[in-house]
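See below for the structure under consideration.
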Amino acid sequence: MKIFRILIYRIIVVSFSPLFFLTLLVSALIVRFSISKSQKPRLVWGSTPLINNSYWSKSMVMAGFVSHTYTFDFYSSINNRNDWDRILSEEFPFVPRPIKPFFAFIVSLYKYDIFFISFNGFFIGNTPLRSLQAHFLKLAGKKVIVIPYGSDSYVYRNIRSVGLIHGLLMSYPQASVQQERIFRDVEYWVRYADAVLPGFMCSDGFGRWDALTPSPLVLDLQTWKPSIRNNSSTGMRDYVVVAHAPNHRGFKGTEFVLHAVDQLCAEGYKVKLVLLEKIQNNEVRRILYEEVDILVDQIVFTGYALNALEGMASGLPTISNLDDKTYVVPMRRWSYFNECPLVSATPENLIDVLRKLVNRPHLRKELGKAGRQYAEKYHGFESAQYLFSNLIEYVHGRKTSLMNLYHPLLGEYPNRSPKIEHPLVENHIID
């Protein structure tokens with residue numbers, strides 16, 4: 001039955017594609033020559049429903065831009081409807097679902113000026129017109145900024161870390177048979193985008209980044225508050241609570257987290273593990289605010305993502321793998337990454353790292369404070385406004401390069417305020 005539905009879907013899309021090709025072509029020409037340019041560019045973030053898009057868009061609204069998220073749908077199991085602006089599943093009620101993406105693309109040509117997308121493209125990335133997306137956008141005078149999130153852009157054979165490839169194969173085996181499509185999408189947007197911002201993923205075969213930053217992710221720090229929990233336990237009398245979000249178990253190394261907590265319990269430590277799984281973001285926020293002492297993000301992938309930011313914003317000592325020098329050294333050398341107070345751990349040393357944090361409540365407190373400061377400096381709305389305002393200037397040709405945007409010596413932003421101080425040496429606890 002599923003194969004039959006897919007076949008019908010493809011027949012409908014292919015049948016209507018010539019008509020929409022002409023409609024898109026005419027629309028792009030009309031927009032280019034007839035629609036007056038707004039004083040400030042109008043921004044759209046989509047079309048994959050990533051909560052990052054919501055945070056980025058809100059930050060730019062606060063900076064005075066017209067900025068909307070526009071996605072296929074949203075993940076109702078973890079996000080709320082009010083996190084999003086426009087949702088395609090709610091629009092064009094009398095239009096057959098297979099051709100709604102064409103309508104969304106056409107409408108967006110008229111309404112927006114800068115498109116922030118992933119390597120999935122914007123709505124018509126899975127249609128016969130996917131290879132014409134950039135051409136329609138450029139013909140209409142639009143700019144495109146691409147920010148990958150992972151499964152849209154990981155070409156397994158291009159990844160530097162074999163461990164990461166294995167973790168991805170554990171979590172996303174289906175992607176291994178879609179590599180040509182993903183490779184094609186990456187090559188296409190690397191060629192045609194006005195800017196590409198891959199963060200820690202830049203080592204994995206993109207061959208292009210227009211600004212070097214460990215992560216462009218941000219949080220609404222008005223809603224993510226420092227934890228009220230002040231636990232001085234060393235794991236002997238009272239419990240130390242460790243949280244972990246196992247949404248991508250192989251990719252994150254969840255089995256090693258479970259094993260590490262079991263081993264510490266076997267040693268006599270009172271350690272409790274809380275798994276943040278299939279729950280709303282506001283409940284994750286509450287748990288980190290009230291109940292948790294340590295957050296373990298991911299110990300296979302090198303770098304950090306949204307959950308690590310949530311831990312730091314919550315004032316918690318947070319663990320992530322930062323040991324692979326192929327990924328880490330460029331970030332230390334040419335960005336603000338030396339200020340980052342994340343604690344590095346791998347599957348091989350996680351037990352030891354957790355033991356040290358459990359044993360040392362004063363260290364947990366010091367790292368939690370530094371983590372909140374780091375989140376405020378580099379991952380709040382102000383930092384997003386700085387990054388994206390510079391990107392907007394860059395894609396319009398008013399800045400020639402952003403390569404030194406976060407340079408520790410040459411960059412303006414890292415030196416606006418004091419460096420974040422923490423007791424780690426290259427993200428490791430020193431005995």
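Worth a mention:
- Here the range 255-377 has 49 percent of its accessible surface on carbon and sulfur atoms, given a 1.4 Å probe and all protein chains in place.
- Mean Cβ neighbour count within 10 Å, used as a protection proxy, ranking 284-294, 84-94 highest first: 284-294, 84-94
- When peptides 207-219, 95-107, 396-408 are ranked by their average number of other Cβ atoms within 10 Å per residue, the highest-first order is 207-219, 95-107, 396-408.
- Within the shell defined by Cβ-Cβ distances under 15 Å, the residues around G199 carry a net charge of -2, with Lys and Arg each +1 and Asp and Glu each -1.
- Across the options P341, Y378, G163, the greatest Cα extent toward the positive end of the charge dipole of the chain (unit charges at beta carbon of Lys, Arg, Asp, Glu) belongs to Y378.
- Alpha-carbon centroid distance for the pair the range 255-334 / the range 374-389, whole angstrom: 22 Å
- Carbon + sulfur, % of accessible area of the range 189-248 - ligands and nucleic acids excluded, 1.4 Å: 46 percent
- Residues of the range 78-114 with amide N under 18 Å of a point placed 7 Å along Cα→Cβ from R42: 85-88, 91-92, 102-114
- Between H259 and R191, the simple label model (points 7 Å from Cα in the Cβ direction) yields a spacing of 4.4 nm.
- Spin-label pair V177/N338, simplified geometry with 7 Å Cα→Cβ offset, distance in nm: 4.9 nm
- Debye, to nearest 20: dipole size of the range 230-286, +1 on Lys, Arg Cβ, -1 on Asp, Glu Cβ: 200 debye
- Surface share of carbon and sulfur [accessible, 1.4 angstrom probe, percent] for the range 87-142: 60 percent
- Tilt relative to the chain, helix 325-334 - C-alpha long axis, 0 to 90 degrees, to 10: 80 degrees
- Antiparallel bridge percentage (DSSP; both residues within the range 43-178; nearest 5): 10 percent
- Degrees between helix 179-192 axis and first principal axis of the chain (Cα, 0 to 90, nearest 10): 70 degrees
- Rounded to 5, the percent of DSSP beta bridges in the chain classed as antiparallel: 5 percent
- Accessible area of the chain divided out per residue, in Å², using a probe of 1.4 angstrom: 44 Å²
- Under 14 Å from K58, Cα to Cα: aspartates and glutamates that are on another chain or at least 8 residues apart: D83, D85, D220, E382
- Test item: Cα-centred dipole of the range 277-373, Lys/Arg +1 and Asp/Glu -1 on Cβ, debye: 320 debye
- Amide H partners (placed H, <5 Å) of H68, local residues excluded: L43, V44, W45
- Environment charge of R416, counting only residues whose C-beta is closer than 14 Å and scoring Lys/Arg +1, Asp/Glu -1: -2
- Chain lengthening between I279 and Y239 when straightened (0.36 nm per residue, less Cα-Cα): 12.1 nm
- Think of it as helices only: each DSSP H run of n ≥ 4 in the chain is worth -39500 (n - 2.57), and spread over all residues that comes to -13000 deg cm²/dmol at 222 nm.
- Placing +1 on the Cβ of every Lys and Arg and -1 on the Cβ of every Asp and Glu, with nothing else charged, gives the chain a dipole about its Cα centre of roughly 1100 debye.
- The range 147-255: equivalent-ellipsoid semi-axes (sqrt of 5 x gyration tensor eigenvalues, Cα, Å): 34, 20, 11
- Remark: the L29-R160 segment gains 42.9 nm on full extension, using 0.36 nm per residue and subtracting the alpha carbon distance.
- Of all lysines in the structure, the ones whose alpha carbon falls short of 16 Å from that of K365, not counting any fewer than 8 places away in one chain, are K225, K356.
- Hydrodynamic radius by Kirkwood, which averages 1/r over all alpha carbon pairs of the chain, in angstrom: 22.8 Å
- Kirkwood hydrodynamic radius (C-alpha pairs) into Stokes-Einstein, the range 367-431, 37 °C and 0.692 mPa s, D in µm²/s: 242 µm²/s
- The C-alpha atoms of the chain define a longest principal axis, and helix 100-111 lies at about 90 degrees to it.
The values are calculated or read from the model by the stated rules, or taken from the named source; none is laboratory data. Note that the coordinates shown come from a computational prediction; the quantities given were computed from them, not determined experimentally. Quick reminder, even Gly has a Cβ in these numbers, built from the backbone with ideal geometry, and neighbours come from all protein chains shown. Only protein heavy atoms, including side chains, enter the accessible area calculation; ligands, DNA and RNA are left aside. Shrake-Rupley method; radii C 1.70, N 1.55, O 1.52, S 1.80 Å.
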